[in-house]
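Since the structure comes first, as structure tokens, the remarks are kept for the end.
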Amino acid sequence: VQLQASGGGLVQPGGSLRLSCKVSGLLFSINAMGWYRQAPGKQRELVATISSGHDTKYVDSVKGRFTISRDNVKRTVYLQMNNLKPEDTAVYYCNRDSDRYGPAQHWGQGTLVTVSS
């Protein structure tokens, strides 16, 4: 499985970013996917998930600000992040939904999001 996240960068508080994650090596369209993040000194957390049927879930801290979506033709999962806050600073990763499938064994490279003025 290859998971290639991109789209991170430096953004001011209140700004927006759109992350993308290209997935290969699995039957993408039938897998529930998620976006995770790991802030410095903290454990990796699952922040958003999307099922094969496009049902979505979010952790409370990002509800109303982040939107997860997927394009099964492009084998890509997206995370639109609006009204970003300094506490959103982290390395962001995509992977299969760990709530559904259990902890992932393999991780791709993440993309760094830094929210700072």
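The values are calculated or read from the model by the stated rules, or taken from the named source; none is laboratory data. Note that the coordinates shown come from a computational prediction; the quantities given were computed from them, not determined experimentally. Cβ sites come from the backbone with ideal geometry, for glycine too, and all protein chains shown count toward neighbours. Note: accessible area is taken over every heavy atom of the protein model, side chains too, but ligands, DNA and RNA are not part of it. Shrake-Rupley method; radii C 1.70, N 1.55, O 1.52, S 1.80 Å.
Observations on the model:
- Cα-based Lys proximity count in region 1-115, under 21 Å, for pairs eight or more positions apart or on separate chains: 6
- Expressed as a whole percent, the proportion of Cα-Cα pairs in region 27-117 lying more than 17 Å apart is 46%.
- Derived scalar couplings ³J(HN,Hα) [region 106-117; Karplus, 6.51 cos²θ - 1.76 cosθ + 1.60; whole Hz; x for Gly, Pro]: 10, 10, x, 6, x, 10, 7, 10, 10, 10, 7, 8
- Highest average packing first - 59-67, 16-24, Cβ atoms within 10 Å: 16-24, 59-67
- Residue-normalised accessible area of the chain, expressed per residue, 1.4 Å probe, Å²: 54 Å²
- Sorting the segments 33-39, 109-115 by their mean number of nearby beta carbons within 10 angstrom, highest to lowest, gives 33-39, 109-115.
- Of the residues Leu79, Leu10, Leu26, ranked by 1.4 Å probe accessible area with the largest first, the sequence reads Leu10, Leu26, Leu79.
- The calculated pair-distance distribution of region 1-50 uses every alpha carbon pair, bins of 10 angstrom beginning at 0, and gives 19, 47, 28, 6 percent.
- The amide H of Arg70, built 1.01 Å from its N in the peptide plane, has Tyr78 as neighbours under 5 Å, considering only residues 5 or more places off or on other chains.
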